[in-house]
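The block underneath contains the structure these notes are about, expressed in structure tokens.
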């Protein structure tokens, strides 16, 4: 068998794993992993909504191979049926998860920079790192949402570029700043019919009623 055929066969088999697995089982494993590794308490952490004593360090998920695998599968399940060109969001904590899901769906990735790009193509976007362009359809993903400011900034940058947002996925709503409600309100005020999906809330992860 020719090498290119073998590679394509491998990709089809690998991509089909999400369909074959029980997605609820994958979510439960991810939830357990987040609770065990990412949840921090009795500490001090600065967020856009202020200083908090309990928080979720998503890097404990996105920088570990098991976390990337599980979170990537869950995200892929959320975007697999969307007609989109790319998936993206705020940089850093979610980047590896975006790449995993994008690989499975065979689409592009973008991220919103923390600071304006000062070099490179003068005509390229200064805040978005990607090959997406005006008219492209995208999904936006956030790791941990508190105030919602990072997701809102991503939405605004995509809108300014002329992209069309088809879905917003939030991995964890930490319930420390009404971020999800603010995102939904912004979408409504701007007459954007975009579904917002929260994978886990803080109470769900900690098994609180």
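The values are calculated or read from the model by the stated rules, or taken from the named source; none is laboratory data. The structure presented is a predicted model; accordingly, all values stated were derived computationally and were not measured. Heads up, the Cβs are rebuilt from the backbone with ideal geometry, glycines too, and the neighbour counts pull from every protein chain shown.
All conditions but one from (1) at pLDDT 50 or above; (2) surrounded by 12 or more Cβ atoms within 10 Å (Cβ to Cβ) apply to residue 19; the one that does not is (2).
Among the residues of the range 147-173, the one identified as touching a helix residue (DSSP H, G or I) at 6+ places or on another chain (Cβ under 7 Å), more than 21 Å from residue 82 (Cβ to Cβ) and surrounded by fewer than 24 Cβ atoms within 10 Å (Cβ to Cβ) is 147. Only one of the numbered conditions (1) modelled with pLDDT of 95 or more; (2) buried (at least 24 other Cβ atoms within 10 Å of the Cβ) is violated by residue 188, and that is (2). When 101, 95, 86 are checked against the criterion of being surrounded by 13 or more Cβ atoms within 10 Å (Cβ to Cβ), at pLDDT 90 or above and farther than 22 Å from residue 59 by Cβ, 86 stands alone in meeting it.
Yes or no, residue by residue, for (1) farther than 21 Å from residue 96 by Cβ; (2) more than 17 Å from the chain's Cα centre (by Cα); (3) free of Cβ contacts under 8 Å to residues at least 24 places away in the same chain:
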residue	(1), (2), (3)
153	no, no, no
161	yes, yes, no
164	yes, no, no
176	yes, yes, no
179	yes, no, no
183	yes, no, no
198	no, no, no
205	no, yes, no
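Among the residues here, residue 178 does not qualify as buried (at least 19 other Cβ atoms within 10 Å of the Cβ) and within 22 Å of residue 55 (Cα to Cα).
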